[in-house]
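**Q** Can you keep this structure in mind? I'll have questions shortly.
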Amino acid sequence: MLAGLARQGVELPSACQAGACHTCLLRAESGDPGEDGRRGLKPTLAASGYFLACQARPVTDLRAAVAGPDVITPARVERRWWLGPRVLAVRVRPRQPVEFRPGQHVTLHRGNGIIRVYSIANRPGQARRDGLEFHVRVYPGGQMSEWLAGAAPGTGVGLGVPAGHCFYLPGQPAAPLLLAGTGTGIAPLLAIAADARAAGHRGPVTLLHGAAEPARLYLGEHTPPGLAGAGIRWRACVQSRGEDIAEAAADELAAQPDPAAARAYLCGGRGSVTRTKRALFLGGMSLASINADEFAPAAAS
């Protein structure tokens, strides 16, 4: 449906075009958008008529409307600060609690149809106390990122429905966990690692942060203070030093006594995620054990 509307000159917000980000969420007022458009949605959303335009193949004539206020939570910018060169931390406080799993992402609505997808960098308890935290790379001229960099506390925004399947599930508490993220893709992985430890996961946990150059390791070369004492191993991979995150992940997997028992969580640009997933699969990890969240190119603004 998304492609059909575009051919008719109707441009809907979209990012991943793979049914993951929920940016193109629509609501059927009449007709059936087909089962593909509802796949992956929460049952309550599907039951309310919502569907994903990028996946929908209507089976009848269809009348649809943009997502309404029932799926967009009003919120305000609470505070913001710089984590490193061009990387901003933003905390947003919703008017009502937003339920999510550490590692999921939401759409952030500025208004005037400007929507971007950001991963949540903290856990639910922290979000209830301090607001949802996002790590945003600020791009020159970015309609959302530069706007957030200048947004004063109290500025209104909207939050979409949390989505994504890259999060920790209890079970196999002794399994090695390998988390690899490039750029701000490390943000949701921090929350996943902390959530695993809080859930009693006792297996080794390794976090790999990849960047093009040392200056882009916005959390630094060593374990961030929030993870200190949690028994989480931190490793930086910098391309300009000849370090490749996919190769590093494969090396970490090979060092485990039983690579097939490990579980992986990957986040970042599509290219790095795809290469890392392939390296882990060739290293003996099953695809079912690899959880991934790819950043869509449209997020870079």
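**Q** Test LEU227 against the stated conditions and say whether it is surrounded by 21 or more Cβ atoms within 10 Å (Cβ to Cβ) and either among the aliphatic types (A, V, I, L, M) or over 13 Å from THR182 (Cβ atoms) (or both).
**A** So LEU227 fails the test.
**Q** Among the candidates TRP147, TRP81, which residue alone is among the aromatic types (Phe, Trp, Tyr), without any contact (Cβ under 8 Å) to a residue 40 or more places away in the chain and under 30 Å from ALA199 (Cα atoms)?
**A** Within the list TRP147, TRP81, the selection yields TRP81.
**Q** A further question on this structure: For segment 41-63, enumerate the residues that are under 15 Å from LEU2 (Cβ atoms) and in contact (Cβ under 8 Å) with a residue 60 or more places away in the chain.
**A** LEU62
**Q** Here's something else I'd like to know. With LEU12, LEU62 as the choices, which residue is surrounded by 13 or more Cβ atoms within 10 Å (Cβ to Cβ), out of contact with any Asp or Glu (no Cβ under 9 Å at 6 or more places or on another chain) and either within 30 Å of PRO153 (Cβ to Cβ) or not assigned by TED's automatic domain parsing to the domain that holds ALA215 (or both)?
**A** Of the residues listed, the single one that is surrounded by 13 or more Cβ atoms within 10 Å (Cβ to Cβ), out of contact with any Asp or Glu (no Cβ under 9 Å at 6 or more places or on another chain) and either within 30 Å of PRO153 (Cβ to Cβ) or not assigned by TED's automatic domain parsing to the domain that holds ALA215 (or both) is LEU12.
**Q** Against the definition (touching a Ser or Thr at 6+ places or on another chain (Cβ under 7 Å) and touching a residue at least 24 places away in the same chain (Cβ under 8 Å)), how does ALA254 come out, yes or no?
**A** Taking the combined requirement at face value, the residue does not satisfy it.
**Q** Can you tell me which residue in segment 94-110 is surrounded by the fewest Cβ atoms within 10 Å (Cβ to Cβ), limited to those that are in contact with a Ser or Thr (Cβ under 7 Å, 6 or more places away or on another chain) and not in a strand (DSSP E or B)?
**A** That would be GLN96.
**Q** If you check every pair at least six apart or on different chains, which have Cβ atoms under 6 Å apart with a residue in segment 151-172 that is loosely packed, with under 11 Cβ neighbours inside 10 Å first and a residue that is aliphatic (A, V, I, L, M) second?
**A** Sorted first by the residue in segment 151-172, then by its partner, the pairs are PRO170/ALA199.
**Q** Could you list, in sequence order, the residues of segment 246-301 that are on the phi > 0 side of the Ramachandran plot and buried (at least 22 other Cβ atoms within 10 Å of the Cβ)?
**A** Answer for segment 246-301, where residues must be on the phi > 0 side of the Ramachandran plot and buried (at least 22 other Cβ atoms within 10 Å of the Cβ): just GLY268.
**Q** Collect the residues in segment 15-49 that are exposed (fewer than 13 other Cβ atoms within 10 Å of the Cβ) and either touching a strand residue (DSSP E or B) at 6+ places or on another chain (Cβ under 8 Å) or under 15 Å from ALA64 (Cα atoms) (or both), keeping them in residue-number order.
**A** Selection gives GLU29, SER30, ALA47.
**Q** How do the strands (runs of 3 or more DSSP E) wholly within segment 8-92 filter down when requiring 1 or more residues that are within 19 Å of PRO188 (Cα to Cα): which remain?
**A** Qualifying strands (runs of 3 or more DSSP E): 73-84.
**Q** Here's something else I'd like to know. With of a type in the set (Gly, Ala, Ser), farther than 21 Å from GLY164 by Cβ and in contact (Cβ under 8 Å) with a residue 24 or more places away in the chain as the only criterion, which of GLY9, GLY4, GLY34 stands out?
**A** Going through GLY9, GLY4, GLY34 in turn, just one is of a type in the set (Gly, Ala, Ser), farther than 21 Å from GLY164 by Cβ and in contact (Cβ under 8 Å) with a residue 24 or more places away in the chain: GLY34.
The values are calculated or read from the model by the stated rules, or taken from the named source; none is laboratory data. Please read all numbers here as calculations on a predicted model, not as lab measurements. Note: ideal-geometry Cβ built from the backbone for every residue, glycine included; neighbour counts use all protein chains shown.
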